[in-house]
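Heads up: the structure comes next, in structure tokens.
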Amino acid sequence: MNPLKSLNNCPDTLAMDIGTGTKDILHFQGQNTLENNLKLVVPTPASIMAEHLENHTGDLAIAGYTMGGGYLAKVLRKHAAKKSRVRMEKLPAFTIRNNIEEITDAGIEIIDKVDDPTHIFDEIELPFLFDLLNRFGKKTGDIKVIGLSVQDHGFNNSDESSRKNRFKYFLEHLRKDLSPKSLVFTAPDLPKVFGRLGSGALCVSHFDPSLKIVLIDTSFSAILGCLLDSRVAAISGPVLYINFGNGHVMACVLCEGKIQAFYEHHTRVLKTKPSTIRTSMERLVEGKISSDEVFDDEGNGCMTFQPQPFRDLAGIVVTGPQRYLAEASGLGNYMEAAPGGDMMMTGPLGLLRGLSLRLDEMEF
């Protein structure tokens, strides 16, 4: 069976996966073959905004929503360090850090409303995207769902590590339900701790409150997208999935719809020692690596729910823009997932797969 048929009941959806390097967009229309749906791969909005701010002189007044931090957060801190006045509404201020105290300590003023913004933060960009789709002759009025994947560390106080904090929220949901569905959210059930995803949901509702929204962490949406590759779907037994993203490496073992192990580390760290990846994956599958060990190595954490011999894996599947690390790691025989023949659509298709898991709970 073609796994893409699992999307047949999905309504028209605009799915976007916003990573560190690119924003990958799929306008899904079920009546079309997948290849005839409109696709876009563009620079992530945070990188474009960072360039704008680097070229800006003088004070900053920023309204809008939360965006991906990283280099953009560093640029904002640099402006404040130069004694430029930086005023930000609360939601865009969380671009810098998910902690109010740390933001204000950096010299950023947080105010209720910026009436005279120099810049408006918006990584969802629905007015622009809907206008673009209309120009291509697409009926945007038929879009019922917005799918959004971003990386979200969750709110934390000054005594918590954002790395450990992020992984804690994954485990809270997985301990209740080991199915992938447990990490797929809609606006009403999104945990309040996920500020960036919540800001994205608010941005969508401000644009059109009738739109439904599906929200998944960007690392996990890529893993869900792998399941829509027909070669992957044909594998029977436990499979190790690894998403080599620009920011994070996420891995999980899936078998018969259940997550058996879960792991997350930082790509920049593993890049310096790719030969250790295979050993870490073996120990993850067999339940011989602790979450504290991964955290102490500058990663996020791990958990093995059902240990098993590494040799018993039915397959290893990799995806992501840094997947060259798979070869350098010595993992051996692995498959590069390309659902619908396009690796760059793995995230958006993962959103659609997540939507299909929640579809029976949604009213249109």
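What follows is calculated from the coordinates using simple rules that are stated; it is not laboratory data. This one's a predicted model, so the numbers in the text were calculated from it and none came from an experiment. Backbone-built Cβ (ideal geometry, glycine too); neighbour counts: all protein chains shown.
Taking every pair of alpha-carbon atoms in segment 161-283, what share in percent sits in each 10 Å bin, from 0 to the bin with the longest distance?
So the P(r) values, bin by bin, are 11, 38, 35, 14, 2.
If amide H atoms are built 1.01 Å from N in the plane of the peptide, which residues on other chains or at least 5 residues away come under 5 Å of the amide H of Ala61?
Arg87, Thr118, His119
Considering only C-alpha atoms, what is the centroid distance from segment 302-341 to segment 36-79, in Å?
33
Assuming a ≥ b ≥ c are the square roots of the Cα gyration tensor eigenvalues, decide whether segment 115-205 counts as rounded (a/c under 1.5), prolate (otherwise, with a/b larger than b/c) or oblate.
Oblate.
Each residue of segment 217-232 in turn: what ³J(HN,Hα) in whole Hz from Karplus with 6.51, -1.76, 1.60 and θ = phi - 60°, glycine and Pro shown as x?
Residue by residue, segment 217-232 yields 4, 4, 5, 7, 5, 5, 5, 4, x, 4, 5, 8, 7, 4, 5, 5 Hz.
Over all alpha-carbon pairs in the chain, figure out the percentage whose distance exceeds 26 Å.
Here the long-distance tail beyond 26 Å is 50 percent of all Cα pairs in the chain.
Which whole-number percentage describes the relative contact order of segment 278-364, with Cα contacts under 8 Å and a sequence gap of 6 or more?
Result for segment 278-364 is 20 percent.
Can you give the percent of C-alpha pairs in segment 217-364 whose distance is more than 21 Å?
Value for segment 217-364: 40 percent of Cα pairs lie more than 21 Å apart.
Packing-wise, with mean Cβ within 10 Å as the measure, how do 110-117, 194-201, 125-132 rank, highest first?
Going by the mean number of other Cβ atoms within 10 Å, highest first, we get 194-201, 125-132, 110-117.
Only four residue types carry charge here, +1 at the Cβ of Lys and Arg and -1 at the Cβ of Asp and Glu. Report the dipole size of segment 45-121 about the Cα centre in Debye, rounded to the nearest 20.
Roughly 220 debye, rounded to the nearest 20.
Any idea which of Ile124, Thr20, Ala73 is furthest toward the positive side of the dipole for the chain, if Lys and Arg beta-carbons carry +1 and Asp and Glu beta-carbons -1?
Thr20
Determine the relative contact order of the chain: mean sequence separation of Cα pairs under 8 Å and six or more apart, normalised by residue count, in whole percent.
Reported relative contact order: 19 percent.
Rounding to the nearest 20 debye, state how big the charge dipole of the chain is about its Cα centre with +1 on each Lys and Arg Cβ and -1 on each Asp and Glu Cβ.
420
Enumerate the calculated ³J(HN,Hα) couplings along segment 140-151 in order (Karplus 6.51 cos²θ - 1.76 cosθ + 1.60, θ = phi - 60°), each rounded to whole Hz, writing x wherever the residue is Gly or Pro.
So the J values, rounded to whole Hz, are 5, x, 7, 6, 10, 9, 10, x, 9, 10, 9, 8.
Please report, in whole Å³, the volume per residue of the convex hull around the C-alpha atoms of segment 45-121.
Output value, Cα hull per residue: 72 Å³.
Quick one: order Glu298, Glu109 by neighbouring beta-carbon count within 10 Å, fewest to most.
Glu298, Glu109
Rg over Rh of segment 239-323, using C-alpha atoms and the Kirkwood radius, what does it come to?
Reported Rg/Rh, Kirkwood definition of Rh: 0.93.
Which residues' amide hydrogens lie under 5 Å from the amide hydrogen of Val318, considering only partners 5 or more residues apart or on another chain, with H built in the peptide plane?
So Val318 has HN proximity to Ile242, Met335, Glu336, Ala337.
Over segment 231-337, what is the relative contact order in percent, taking alpha-carbon pairs closer than 8 angstrom and at least six residues apart?
Dividing the mean separation by the residue count of segment 231-337 yields 32 percent.
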